[in-house]
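Participant: Quick one: this structure, given as structure tokens, is what I'll be asking you about.
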Amino acid sequence: MNKTDNSELNKAQFGDNFKWGVSTAAFQIEGAHDADGKGLSIWDVFTSQKGKVKGGHHAMTACDFYSSYKNDILLLGELNIPNFRFSLSWSRILPNGTSPVNQAGIDYYNQVIDFLLECGIEPWITLYHWDLPHELELKGGWTNRDSIAWFENYTEICAQNFGDRVKNWMIINEPSVFTGAGYFLGIHAPGKRGLSNYLKAVHHVTLATTAGAKVLRNIVPDANIGTTFSCTHIEPASTKKRDVAAAKRVDTLLNRTFIEPILGLGYPQADLPVLKKLNRYILPEDEKNMAFDFDFIGLQCYTREIVRASIFTPYVGAALVTAEKRNVPFTEMKWEVYPPSIYHLLKKFDTYKGIKKIIITENGAAFPDTVSNGEVKDNERTKYIQDHLQQLLKAKKEGVKVEGYFVWSLTDNFEWAEGYHTRFGLIYVDFDTQQRIIKQSGQWFRKFLSNHI
Ligand code: NOJ
């Protein structure tokens with residue numbers, strides 16, 4: 001079936017300007033949690049608390065990218081990967097969140113950027129990938145309206161120091177996940193819970209996204225500026241009215257809450273009434289500050305969810321019917337493997353007039369990889385990527401403005417509350433020895449990118 005299709009998959013089909021890359025994030029790979037003047041982030045604190053992360057895992061060393069960045073960048077070169085997405089650790093640059101600047105942090109990222117460029121690899125920076133400086137959390141973190149100004153200040157420093165060489169920027173990574181998990185459910189850092197924490201964080205992150213983008217635009221006028229959103233294809237469990245309505249609310253929560261205001265459409269309050277409670281945090285001047293004309297929108301999709309109505313879930317009145325229950329294939333994250341979801345999401349987001357260009361800034365899968373005779377035969381991951389690329393290509397052929405695809409991730413790394421249990425890399429990491437083994441999926445990607453398949 002798909003096998004024949006995938007063997008025909010060829011880089012040339014995506015066009016010469018299509019951006020191929022891999023994505024990473026500072027906290028998940030760097031380690032060196034207190035090296036050279038770095039301050040604590042909320043994730044350093046969260047991982048040090050009992051029972052927060054599976055197996056008590058922490059990221060004090062992680063993949064040791066801080067020391068071994070050259071080695072990993074050489075591996076990028078070996079895999080023919082032309083674009084590398086990574087994030088900056090705010091508390092490495094500003095240990096207290098605001099001032100003074102830690103020159104060692106700036107020097108470190110300059111070395112990474114310069115080495116990437118020396119290797120002919122384009123740097124793509126995410127300014128914020130979830131690791132807020134702990135000092136700022138002590139002042140309320142994203143629930144404090146001052147967070148917008150803190151973020152502008154941090155962005156200004158990054159733009160001034162790196163904007164001469166780095167032209168591709170993403171402001172915030174997956175706001176819906178870190179506000180939902182970190183400020184409503186308390187299962188991610190900083191571990192806050194409740195509706196008012198969540199709603200404040202939502203509004204301040206939205207304003208910080210556009211404020212940061214404006215700062216960047218002023219300092220680096222020729223920057224290619226985007227921001228990234230998680231998205232999940234949603235379907236109702238049945239055609240019953242109440243399931244269809246529940247699916248619409250979940251779709252609004254997961255896929256629309258953050259993107260619509262930045263496109264100038266305001267919060268989608270009509271389709272998710274609880275968002276009306278945001279109005280108490282919206283100041284009159286906010287309306288004009290909520291939108292920004294982004295050069296591209298980064299979409300990160302992994303799965304679909306099937307939704308049914310449920311009176312037991314407050315605010316959304318919906319529950320997910322798990323992949324396990326539905327008896328369909330799923331990954332180590334328990335996420336259904338459903339490649340058409342990337343097609344549906346691309347089609348859906350492409351209908352927003354304000355989106356100029358879409359880049360898939362993350363897609364990938366965790367499977368239980370094992371090393372045997374020095375090899376990792378992760379056929380399932382290779383197939384997952386190939387099948388998603390087929391679906392992306394289908395959307396592209398139908399005219400969707402999708403112009404890039406980044407795999408999550410280069411190496412296995414620290415997967416937040418899952419610790420090191422779930423491996424997403426094209427490269428296997430032995431976390432005891434820091435040895436790297438290019439998985440079969442990495443070998444496939446290398447051949448695919450060299451266009452010799
Ligand atoms: C989304 C996040 O941006 C990234 O940090 C995470 O590791 C992957 N998806 C996989 O869950």
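Participant: Could you give the dipole magnitude of the chain about its Cα centre, charging the beta-carbon of Lys and Arg +1 and that of Asp and Glu -1, in debye to the nearest 20?
Facilitator: For this selection, approximately 1760 debye.
Participant: Another question about this same structure. Distance check, please: which entries in Lys277/Lys334; Lys200/Lys347; Lys240/Lys347; Lys192/Lys347; Lys200/Lys394 exceed 29 angstrom between their Cα atoms?
Facilitator: Lys277/Lys334; Lys200/Lys347; Lys192/Lys347; Lys200/Lys394
Participant: Which length gain, in nm to one decimal place, applies between Ser48 and Asp114 when the Cα-Cα distance is subtracted from 0.36 nm times their residue separation?
Facilitator: So the chain would gain 20.5 nm between Ser48 and Asp114.
Participant: Give me a comma-separated list of calculated 3J(HN,Hα) values for segment 295-309, in order, Karplus coefficients 6.51, -1.76, 1.60 applied at θ = phi - 60°, integers in Hz, x for any Gly or Pro.
Facilitator: Running phi through 6.51 cos²θ - 1.76 cosθ + 1.60 with θ = phi - 60° gives 6, 8, 10, x, 10, 10, 10, 10, 7, 10, 10, 9, 10, 10, 5 Hz.
Participant: Given H placed 1.01 Å from N in the peptide plane, which residues other than close sequence neighbours of Glu174 have an amide H under 5 Å from its amide H?
Facilitator: Thr228, Phe229, Ser230
Participant: Search the structure for amide H atoms under 5 Å from the amide H of Lys19, placed 1.01 Å from N in the peptide plane, and list their residues when 5 or more places away or on another chain.
Facilitator: Gly404, Tyr405
Participant: Once you place label points 7 Å from the Cα toward the Cβ at Lys377 and Lys353, how far apart are they in nm?
Facilitator: Taking the two extended label points, one gets 5.5 nm.
Participant: Moving on to the next point. Label segment 363-412 by shape, choosing from rounded, prolate and oblate, from the square roots a ≥ b ≥ c of the eigenvalues of the Cα gyration tensor; if a/c is under 1.5 it is rounded, and otherwise prolate applies when a/b is larger than b/c, oblate when it is not.
Facilitator: On the way: a/c = 3.95, a/b = 2.56, b/c = 1.54.
Prolate is the answer for segment 363-412, as a/c is 1.5 or above and a/b outweighs b/c.
Participant: Choose one of Met60, Pro314, Asn373: the residue whose Cα lies farthest towards the positive end of the charge dipole of the chain (beta-carbon charges +1 Lys, Arg; -1 Asp, Glu; about the Cα centre).
Facilitator: Farthest towards the positive pole: Pro314.
Participant: Something else: Over what distance in Å are the Cα centres of segment 94-129 and segment 133-147 separated?
Facilitator: Centre-to-centre distance over Cα atoms comes out at 22 Å.
Participant: Let me ask you something else. Please list, in order along segment 48-54, the HN-Hα scalar couplings obtained from phi with the Karplus expression 6.51 cos²θ - 1.76 cosθ + 1.60 (θ = phi - 60°), rounded to whole Hz, x for Gly and Pro.
Facilitator: Listing the rounded values in order: 7, 8, 4, x, 8, 10, 3 Hz.
Participant: Within segment 122-247, what percent of beta bridges assigned by DSSP are antiparallel, to the nearest 5? Walk me through the intermediate numbers first.
Facilitator: Details: 1 of 8 bridges.
The answer is about 10 percent antiparallel.
Participant: Could you compute the longest span of the chain free of GluC sites (Glu not before Pro) located in DSSP loops and having at most 13 other Cβ atoms within 10 Å, not counting the site residues? Display every interim value, and only then the final one.
Facilitator: On the way: sites that count: Glu8, Glu285, Glu398.
Counting only loop sites that pass the neighbour cut-off, the longest clear stretch is 9-284.
Participant: Whole-Hz Karplus ³J(HN,Hα) for segment 281-290, in order, using 6.51 cos²θ - 1.76 cosθ + 1.60 and θ = phi - 60°, x for Gly and Pro?
Facilitator: 9, 8, 8, x, 6, 5, 3, 6, 9, 7
Participant: Which of the aspartates and glutamates could a cross-linker bridge to Lys214, judged by Cα under 18 Å and excluding same-chain residues fewer than eight apart?
Facilitator: Asp146, Glu152, Glu156, Asp164, Asp222, Glu260, Glu285, Asp286, Glu287, Asp293, Asp295
Participant: Related question: Can you work out the accessible area per residue across the chain, with the rest of the protein chains kept in place, probe 1.4 Å, in square angstrom? Spell out each step's value before the answer.
Facilitator: On the way: 17800 Å² over 453 residues.
Value for the chain: 39 Å² per residue.
Participant: Only four residue types carry charge here, +1 at the Cβ of Lys and Arg and -1 at the Cβ of Asp and Glu. Report the dipole size of segment 296-378 about the Cα centre in Debye, rounded to the nearest 20.
Facilitator: Charge dipole of segment 296-378: 560 debye, to the nearest 20.
Participant: Considering amide H positions built from the backbone, and no H for Pro or chain starts, which residues 5 or more places from Asn168, or on another chain, come under 5 Å of its amide H?
Facilitator: Ile125, Asn224
Participant: Another one. If a paramagnetic tag sat 7 Å from the Cα of Thr322 along the Cα-Cβ line, which residues of segment 177-203 would have the backbone N under 19 Å from that point?
Facilitator: Once the point is set 7 Å along Cα→Cβ of Thr322, 181, 185-188 turn out to lie under 19 Å by backbone N, inside segment 177-203.
Participant: Right, here's the next one. Counting only other residues whose beta carbon sits under 12 Å from that of Ile282, what net charge do I get with K and R as +1, D and E as -1? Spell out each step's value before the answer.
Facilitator: On the way: positive: Arg145, Lys200, Lys276, Lys277, Arg280, Lys288; negative: Glu285, Asp286, Glu287.
Local charge sum for Ile282: +3.
Participant: Return the carbon/sulfur percentage of the accessible area of the chain, one whole number, probe 1.4 Å, all protein chains in place.
Facilitator: Here it works out to 51 percent.
Participant: A follow-up question, please. Could you work out the relative contact order of the chain, using alpha carbon pairs under 8 angstrom and six or more residues apart, expressed as a whole percent? Walk me through the numbers on the way to the answer.
Facilitator: Values: 927 pairs, mean separation 79.4, N = 453.
Computed over the chain, the figure is 18 percent.
Participant: Looking at this model, which pairs from Lys11/Lys396; Lys19/Lys167; Lys241/Lys397 are more than 22 angstrom apart at the alpha-carbon? Write out the running numbers ahead of the final one.
Facilitator: Values: Lys11/Lys396 13 Å; Lys19/Lys167 14 Å; Lys241/Lys397 34 Å.
Violating the 22 Å limit, Cα to Cα: Lys241/Lys397.
Participant: Mind checking segment 242-334 for chymotrypsin sites (Phe, Trp or Tyr not before Pro) that DSSP puts in a loop (not H, G, I, E or B) and that have at most 13 other Cβ atoms within 10 Å?
Facilitator: Those satisfying the criteria are Phe312.
Participant: Something else about it: Helix-derived [θ] at 222 nm for the chain: sum -39500 (n - 2.57) over DSSP H runs of at least 4, divide by residue count, nearest 500?
Facilitator: When only DSSP H runs of four or more count, the value is -10500 deg cm²/dmol.
The values are calculated or read from the model by the stated rules, or taken from the named source; none is laboratory data. On a predicted model such as this, the values are computed, not experimentally measured, just so you know. Positions of Cβ are backbone-derived with ideal geometry, glycine not excepted, and every protein chain shown enters the neighbour counts. The protein model used for the area step is the full one, side chains on, heavy atoms only, and it has no ligands, DNA or RNA in it. Shrake-Rupley method; radii C 1.70, N 1.55, O 1.52, S 1.80 Å.
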